[in-house]
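Since the structure comes first, as structure tokens, the remarks are kept for the end.
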Amino acid sequence: MAWTIRPMTITDYPAVLDLMKRTPGVSIRATDSPKDTARFLQRNPGLSFVAFTDGLLIGCVQSSHDGRRGFMQHLAVDTTHRRQGIANGLVKHCLDALAAADVFHINLDVFRNNAQAKAYWVKHGWTLRDDVERFSLIRTAH
Ligand SMILES: CC(C)(COP(=O)(O)OP(=O)(O)OC[C@H]1O[C@@H](n2cnc3c(N)ncnc32)[C@H](O)[C@@H]1OP(=O)(O)O)[C@@H](O)C(=O)NCCC(=O)NCCS
């Protein structure tokens, strides 16, 4: 079935959240609230994308950069539409948009137990780093 990809806007948020919620391997955190997502999209215009077929949202991805490095997150394709090249299309849109911003070093996080996602990234030439570990500090707003 034909599908299309376009930049994500905040009006896509409910359908994106719904897809993320029903996709194992994708985590939803406090920073994925509507308010924070709106701010993310505003700070990173044209870097997040959604895929549709028949008016139905069936894929999503978000990316951003800090002027030096890019970051990709929340890639998900509905189980009913996998293996049709939709993830490839979404990732290509992000990589092209990041390249247009002169950003060519891109990182992403994958849960250690998400074998499917790891296989996908390895197949597409991404390198699993074994020289770094991620530290996080999660503070409470005052
Ligand atoms: C990983 C995921 C996004 C792939 O979506 P998809 O739309 O089925 O992928 P595509 O159809 O675009 O596949 C593109 C290519 O990847 C390959 N591929 C897809 N899933 C794969 C898998 N699980 N293992 C290995 N290769 C895979 C396809 O064979 C295809 O190869 P090609 O480029 O040589 O033709 C999808 O399985 C998914 O949503 N998984 C759950 C969410 C998730 O884990 N997201 C990643 C978070 S980091």
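Can you bin the chain into rounded, prolate or oblate? Criterion: square roots of the alpha carbon gyration tensor eigenvalues sorted a ≥ b ≥ c, rounded for a/c under 1.5, prolate for a/b above b/c, oblate for the rest. Walk me through the numbers on the way to the answer.
On the way: a/c = 1.30, a/b = 1.12, b/c = 1.15.
Here the chain falls in the rounded category.
Given the Cα-Cα distance of residue 27 and residue 139 and 0.36 nm per residue of separation, how much length would full extension add, in nm?
On the way: separation 112, 0.36 × 112 = 40.32 nm, distance 1.86 nm.
So the extension gain works out to 38.5 nm.
Distance between the 7 Å Cα→Cβ label points at residue 131 and residue 15: 4.2 nm.
Within a Cβ distance under 12 Å of residue 141, other residues only, what is the Lys/Arg minus Asp/Glu net charge?
Details: positive: 35, 139; negative: 36.
Around residue 141, the charge tally is +1.
Can you tally the net charge around residue 4? Count Lys and Arg as +1, Asp and Glu as -1, for every other residue whose Cβ sits under 15 Å from the Cβ of residue 4. Before the final figure, lay out each step's value.
Details: positive: 6, 92; negative: 12, 54, 78.
Surrounding charge for residue 4 is -1.
Electrostatic bookkeeping for residue 29 treats Lys and Arg as +1 and Asp and Glu as -1; over the other residues with beta carbon under 15 Å from its beta carbon, the sum is +2. Centre-to-centre separation between the Cα atoms of segment 25-76 and those of segment 124-142: 17 Å.
Measuring r between the beta carbons of residue 111 and residue 38 and using R0 = 30 Å, the FRET efficiency lands at 0.70.
Values quoted throughout were computed directly from the atomic coordinates according to the rules given, and no laboratory measurement underlies them. Computed from a predicted model, the values in this text were never measured in an experiment. FYI the Cβ positions are ideal-geometry reconstructions off the backbone, even for glycines, and counts take in every protein chain you see.
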